[in-house]
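For reference, the structure discussed in these notes is given below.
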Amino acid sequence: MGEVNAGRDHAEFRREVREWLETNCPPEMRDGAAGESSICWGGTTWVFTCDEQKIWLDRCAARGFTVPTWPKAYGGAGLSRDEDKILKQEMQAIGARSPLDSFGIWMLGPALLKFGTEEQKLHYLPPIARGEIRWCQGYSEPGAGSDLAGVQTHAADQGETWLVNGQKIWTSYADRADWIFALLRTNRDAKKHLGISFVLMDMRSPGITTRPIQLISGASPFCETFFENVEVPKTQVVGTIDRGWDVAKYLLTHEREMISNGGNAMGSGRALGAVLTESETGQSDPVLRGDAMRAEVDSLAMAMTLERYKDQAEGGQGVGDASAMLKYMGTELNKTRLELIMATDGADALTWGDTPASSWLRTKANSIEGGTSEVMLSIISRRILNLPG
Amino acid sequence: MAKLIQTEEETLLSEAAHGFLSKSAPVSRLREMRDSGEHSDPALWQEMAAAGWAGVLVPEAAEGSDMGHAAAHVLAREMGRNLTVSPFLSTAVMAATLLRQFSDDSATSKLKQIAVGGLTYALALDETAKFSPDQVELTAQSRGNGYVLNGKKRFVVDGCDADRILVLAKSDAGLCLFDLANKAQGLTQNALKMIDSRDAADLIFDDVEVSGEALLGDPGAGFDVLKPALEAGQAALAAETTGLAEAAFSLTTDYLKERKQFGITIGSFQALQHRAAHLWCEIELTHSAVLNAGRILDETPDQATLAVSVAKARATDTAQKSVQEGVQMHGGIGMTDEFDMGFYMKRARVAAEWLGDYGYHAGLVAQLRGF
Ligand SMILES: Cc1cc2nc3c(=O)[nH]c(=O)nc-3n(C[C@H](O)[C@H](O)[C@H](O)COP(=O)(O)OP(=O)(O)OC[C@H]3O[C@@H](n4cnc5c(N)ncnc54)[C@H](O)[C@@H]3O)c2cc1C
């Protein structure tokens, strides 16, 4: 990418990576990551779309390239950020698909790296890196959406274990996940934020059931998840008991960055410019063209901001509350982009199937999932601008 | 790879600039100048030169401090915060970037004078109300070993007080760039009374004779010579404008925390909180674009066009939003001349037009992105 500061160093590493990709990335996996159907989510129930998808995953996992910046001991390649950037650039250059996308990589992994015990890291991280265990996120409840700290699903103390009862909602892919990371109320007497624990649970535990919910896009990745007298060993708590809010918040900053990055596959697909150029009307409709220019300028500035924040994070300054900004701007922009693609493709976009409409419908969730745009703006006003709350 | 974060030197430089400007050239100084009808401050420029600012892009061989574009942006941003008036952009950024392409004695000696604050420049570009630097009607006819210039340039920033003028003209060989004294015979400056209270003029060229030495670069190569200077200026102006947006924004958030209505501070109204938060997001994105442009100009200047245009487009837009929301959220006081917001608003509007407005730069971005 010439637009974001590319630099010229690390020539040796770049050459190595290029050679490795040349030998190891199957031609079938070089289709520019197409749509949602090309994503590999992994897990025990995963059905590979073709042999090459599995070969590509296995080779990347063996080289640590599914989680390039994680330490080698946990299944990563121990790459520096510059090296990671080069790897991404080289993959992009040949249109290589991401070998593995998962909530384990984007959300749980970073939280475990920061809050997990050494035992937990060695136990949970390598299978995530290899795509063997698929995770889902059990945060939201019918009465706890934006007010996440209001979770009521209860874990009763039984000495060595917890006894869990309650209901989660909007748990994406719960019906296909092997494990869940969830927020549970472990102390009803403490203040809202101080009685929550962050707990890992095997979805095959007796007492857990799921029920899919259909989305406006026709897909049904959403689930209601029910817990009825589920026994969970206390060793599966991450961080301190009752202080799961700290873990939850840290994880959310990663989730928000991931969503703003378009990492959730909803951002992928054709560049706006290409869509406009290929269409019958895109070039000649002045309003569309103007809107597209604006979106392009903003997207580039957004990409530069992601770079800058990563550079900052690498220097030890975490992104912190500013992840709310990345989430808000990134997802609003993504919605704008899909609106423009719909407008450009006109009637061609309007049918069900492999059309922009499915992505367009999916982007409508961008400003809701992981915290709504309104909630993001409130976080910025209170925590960054220190406006009175 | 250079990072998109400030280096330690850049942070020190910005602190030093902040200290100096808030004392020597704050908004109150601009107000004073406006009230007394001055539009430039030569003594201040001398101090800036002594600090190495005038030579920020002058090579060390020509006795400059050669700190680079990213450092120039640090300075411009602080000037933007304070609405500081100086020939920094025209002279230290654009003329220096232009002249350092040449290694002859004449260019070196001019660069030396720039670095010590002894020589200022203006760029005479536009001939219509909108920026379009390659649309040139001003003619250069060869005569003897020199040329004769005829035509007009509009909205020449620093055009009254600059010692020298860089002017793009049309000759038989194509576009030519000339470097001539602003006092040249036949050259008239019609001073403009600008809303931002700064120096600008329309220039009339009436049989202005220049020698062959005034031509910079080959005949016909005028625009190629000019381009790096233009991009440097556009990026630095984006940095200045971003500083302006930030300062206007912090006036606003301070007010939100202090002004009470209905018995509570207005900053606790969500309708205002969310607009302020949105503005902060816009400023963050713009700041990234400016940092990126600085790094690219320093590392790979021949590939800078996209980065520069993203920065200038974003900065233009963000500053306008910042001052407009600023006035609105201040209510009545925001409309008074006594309050500083109006000065920010007027400078933002002028900076939006100078060196290409939003549409000009967004158009370039679209072109470079293939549509
Ligand atoms: C596609 C998708 C995938 C998801 N996946 C998961 C998942 O895997 N796991 C999981 O746990 N959850 C998941 N979620 C749930 C998501 O996190 C919640 O939907 C979200 O936090 C909003 O909560 P809510 O739906 O209850 O809306 P509500 O909180 O009821 O909000 C309704 C409206 O009120 C506004 N609002 C609420 N409070 C305020 C306030 N204080 N100030 C201003 N406005 C306010 C909101 O912005 C929104 O516009 C997913 C959601 C979507 C759409």
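The values are calculated or read from the model by the stated rules, or taken from the named source; none is laboratory data. This is a predicted model, so every value here is computed, not measured. Methodologically, a virtual Cβ is constructed for each residue, glycine included, from the backbone with ideal geometry; neighbour enumeration extends over all protein chains shown. Each accessible area value is taken on the protein alone, full model and side chains, heavy atoms only, with ligands, DNA and RNA left out. Shrake-Rupley method; radii C 1.70, N 1.55, O 1.52, S 1.80 Å.
Assuming a ≥ b ≥ c are the square roots of the Cα gyration tensor eigenvalues, decide whether the stretch B:240-280 counts as rounded (a/c under 1.5), prolate (otherwise, with a/b larger than b/c) or oblate. Oblate, since a/c reaches 1.5 and b/c is not below a/b.
How large, in percent, is the carbon and sulfur part of the accessible surface of the stretch B:188-309 at a probe radius of 1.4 Å? Roughly 50 percent of what the probe reaches on the stretch B:188-309 is carbon or sulfur. Could you name the aspartates and glutamates in cross-link range of residue A:54, using Cα to Cα under 12 Å and dropping any fewer than eight places away on the same chain? Partners found: A:28, A:132. Semi-axis lengths, largest first, of the ellipsoid equivalent to the stretch A:333-376 are 23, 11, 5 Å, with √(5λ) applied to each eigenvalue of the Cα gyration tensor. Helices meeting the span-like rule in chain B (full DSSP H runs, Cα extent of at least 18 Å along the helix axis, mean Kyte-Doolittle score of -1.0 or higher): B:8-24, B:69-82, B:222-258, B:270-299, B:305-330, B:341-353.
Here the contact order of the stretch A:212-367, divided by its residue count and restricted to Cα pairs under 8 Å and six or more residues apart, works out to 27 percent. For the pair the stretch A:128-203 and the stretch B:291-330, the centres of their Cα atoms are 44 angstrom apart.
Pairs exceeding a 21 Å alpha-carbon distance, out of B:23/B:260; A:85/A:310; B:321/B:346: B:23/B:260.
Shape class of the stretch A:8-123 from the Cα gyration tensor (axes a ≥ b ≥ c, square roots of the eigenvalues): oblate, since a/c reaches 1.5 or more and a/b does not exceed b/c. Other residues lying with their Cβ under 14 Å from the Cβ of residue B:267 contribute a combined charge of +3, Lys and Arg counting +1, Asp and Glu -1. Equivalent ellipsoid of chain B: semi-axes from √(5λ) of the C-alpha gyration tensor, largest first, are 36, 21, 20 Å. Distance distribution note for the stretch B:243-317: the fraction of Cα pairs above 14 angstrom is 66%. Per-atom-type breakdown for the stretch A:310-389 gives carbon and sulfur 53% of the accessible area (1.4 Å probe, protein chains only). Assign one of three labels to the stretch B:160-309, namely rounded, prolate or oblate, based on the Cα gyration tensor with a ≥ b ≥ c the square roots of its eigenvalues; rounded applies when a/c is under 1.5, prolate when it is not and a/b is larger than b/c, and oblate otherwise. Taking the square roots of the gyration eigenvalues as a ≥ b ≥ c, the stretch B:160-309 is oblate. Of the residues A:363, A:225, A:44, the one that moves most in a GNM of chain A with alpha-carbon contacts below 10 Å is A:44. A Gaussian network model of chain B, with springs between Cα atoms under 10 Å, assigns the largest mean-square fluctuation among B:334, B:212, B:64 to B:212. Residues of the stretch A:343-389 that bury at least 40 Å² of accessible area when the other protein chains are present, relative to the chain alone (probe 1.4 Å, heavy atoms, ligands and nucleic acids excluded): A:377, A:385, A:387, A:388. In chain A, a dipole from Cβ-located charges (positive for Lys and Arg, negative for Asp and Glu) runs towards its positive end, and of A:273, A:79, A:352 it is A:79 whose Cα lies farthest in that direction.
The trypsin sites (Lys or Arg not before Pro) found in the stretch A:162-200 that occupy coil by DSSP, while having at most 16 further C-beta atoms within 10 Å, are A:188, A:191. Annotation for the A:B interface, with buried accessible surface near 4200 Å², both sides summed [1.4 Å probe; non-protein components not counted].
The Cα center of the stretch B:63-96 and the Cα center of the stretch B:103-121 differ in position by 16 Å. log10 I(q)/I(0), Debye, Cα-only chain A, no solvent, q = 0.07, 0.12, 0.14 Å⁻¹? Here log10 of I(q) over I(0) equals -0.33, -1.02, -1.39. If one computes the Cα centroid of the stretch A:60-82 and of the stretch B:135-196, what distance in Å separates the two points? Result: 59 Å between the Cα centres. In the full protein context, chain A carries 43 Å² of accessible surface per residue, based on a 1.4 Å probe and ignoring ligands, DNA and RNA.
Calculated mean residue ellipticity at 222 nm for chain A: -12500 deg cm²/dmol, from DSSP H runs with n ≥ 4 weighted as -39500 (n - 2.57), summed, divided by the residue count and rounded to 500. When chain A is treated as a Gaussian network with alpha carbon springs shorter than 10 Å, the biggest mean-square fluctuation among A:329, A:29, A:304 belongs to A:304. The sum of -39500 (n - 2.57) across all DSSP H runs of n ≥ 4, divided by the residue count of chain B, sets its helix-only mean residue ellipticity at 222 nm to -16500 deg cm²/dmol. Near residue B:104: Cβ cut-off under 15 Å, other residues only, Lys/Arg at +1 and Asp/Glu at -1. The net charge is -1.
With the simple model of a label 7 Å out from the Cα in the direction of the Cβ, residue B:104 to residue A:58 spans 6.9 nm.
Can you give the log10 of the normalised intensity I(q)/I(0) at q = 0.05, 0.08, 0.10 Å⁻¹, computed with Debye over equal Cα scatterers of the protein assembly as shown? Log10 of I(q)/I(0), two decimals: -0.31, -0.74, -1.07. Note on chain A: with charges restricted to the Cβ of Lys and Arg (+1) and Asp and Glu (-1), its dipole about the Cα centre is near 780 debye.
Simple rule: put +1 on each Lys or Arg Cβ and -1 on each Asp or Glu Cβ in chain B, find the dipole, and look at B:192, B:223, B:203; the Cα lying farthest toward the positive end is B:192. Note on the stretch B:103-173: lysine pairs with Cα distance below 18 Å, sequence gap of 8 or more or different chains, count 4. Just the number, please: carbon plus sulfur as a percent of the accessible area of the stretch A:119-264, 1.4 Å probe, no ligands or DNA/RNA counted. Carbon-and-sulfur percentage of accessible area, whole number: 48.
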